[in-house]
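Enquirer: Quick one: this structure, given as structure tokens, is what I'll be asking you about.
Values in this text are rule-based calculations from the coordinates and carry no lab data. Because the structure is predicted, anything quoted here is derived from the model rather than measured. FYI the Cβ positions are ideal-geometry reconstructions off the backbone, even for glycines, and counts take in every protein chain you see.
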Amino acid sequence: MSGHQEKSARQGMRIGHGYDLHRLEPNGSDGAGRAFVLGGVEIEHDRGPVAHSDGDALLHAVTDALLGAIGQPDIGQLFPDDDARNESLDSRVFLGEAVDRVSRAGYRVGNVDATVICERPKISIHKELMRTNLASGLGVGVDRVNLKGKTHEGVDAIGRGEAIEVHCVVLLLASDD
Ligand SMILES: [Zn+2]
């Protein structure tokens, strides 16, 4: 292999995909749902994610996309939900661990594109704050983070407001490129 080819094999880019879904349940005193948190933003809503951690589906999907891009175990393997240390954990801890691993693997974040699908609450008014939070957690400029919100058109569990779903892709660039 020529020197140039070796360099390309070591450097270049990696792509990762992340997906998460949480059931949303009433979060009153007798409900199983937590407070509704998405992208580190707590939003007033009468339902919230059922989760071992704080249930931030956006941060979970981004975390898994980062880990997937470097071929490492996913969030559920790194932070098992039967481990009491992860109970109610702030999902920024998961993201931080993934960002550290990306950096140790020799990569940096090129860009992130995520789609949040939920019927309620409306996330559009919180989108810019979520982007800012994500960018800060990833250690990149806001222009490298994109976020889209969609409803499920009233169809299925998500359309009935019983779940939230997030899809995400991330591009990593070799740190020394
Ligand atoms: Zn999750």
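Enquirer: Being within 28 Å of residue 25 (Cβ to Cβ) and hydroxyl-bearing (Ser, Thr, Tyr) narrows it down to one residue among 136, 103, 124; which is it?
Expert: It is 124.
Enquirer: Which residue is surrounded by the most Cβ atoms within 10 Å (Cβ to Cβ), if the candidates are limited to region 155-177 and must be closer than 23 Å to residue 27 by Cβ and charged (D, E, K, R)?
Expert: 165
Enquirer: Mind checking whether some residue in region 89-98 is more than 17 Å from residue 141 (Cβ to Cβ) and away from the ligand (no atom under 15 Å from the Cβ)?
Expert: Looking through region 89-98, at least one residue is more than 17 Å from residue 141 (Cβ to Cβ) and away from the ligand (no atom under 15 Å from the Cβ).
Enquirer: Ok, one more. Return the pair list, or none, for Cβ contacts closer than 9 Å from residues in region 93-121 that are on the phi > 0 side of the Ramachandran plot and in contact (Cβ under 8 Å) with a residue 40 or more places away in the chain to residues that are surrounded by fewer than 21 Cβ atoms within 10 Å (Cβ to Cβ) and of a type in the set (S, T, N, Q), at least 6 apart or on different chains.
Expert: Once the first residue is on the phi > 0 side of the Ramachandran plot and in contact (Cβ under 8 Å) with a residue 40 or more places away in the chain and sits in region 93-121, its partners that are surrounded by fewer than 21 Cβ atoms within 10 Å (Cβ to Cβ) and of a type in the set (S, T, N, Q) give 106/11; 106/175.
Enquirer: If you take the residues in region 26-76 that are more than 24 Å from residue 127 (Cα to Cα) and within 10 Å of the ligand (Cβ to nearest atom), which one is surrounded by the fewest Cβ atoms within 10 Å (Cβ to Cβ)?
Expert: Step by step, filter region 26-76, then rank; the result is 76.
Enquirer: So which residues in region 100-154 are among the β-branched types (Val, Ile, Thr), crowded, with 18+ Cβ neighbours inside 10 Å and farther than 17 Å from residue 63 by Cα, if there are any at all?
Expert: Hits for region 100-154 are 117, 123.
Enquirer: Spot the failing condition for residue 80; the list is (1) more than 15 Å from the ligand (Cβ to nearest atom); (2) more than 15 Å from the chain's Cα centre (by Cα), and only one is missed.
Expert: If we test residue 80 against (1) more than 15 Å from the ligand (Cβ to nearest atom); (2) more than 15 Å from the chain's Cα centre (by Cα), just (1) comes out false.
Enquirer: Scan region 118-143 residue by residue and report those that are closer than 22 Å to residue 158 by Cβ and either in a loop (DSSP other than H, G, I, E, B) or out of contact with any Leu (no Cβ under 9 Å at 6 or more places or on another chain) (or both).
Expert: 118, 119, 120, 121, 122, 123, 124, 125
Enquirer: Right, here's the next one. Working only within region 148-163, note down all residues that are among the aliphatic types (A, V, I, L, M) and outside any helix (DSSP H, G or I).
Expert: 155, 163
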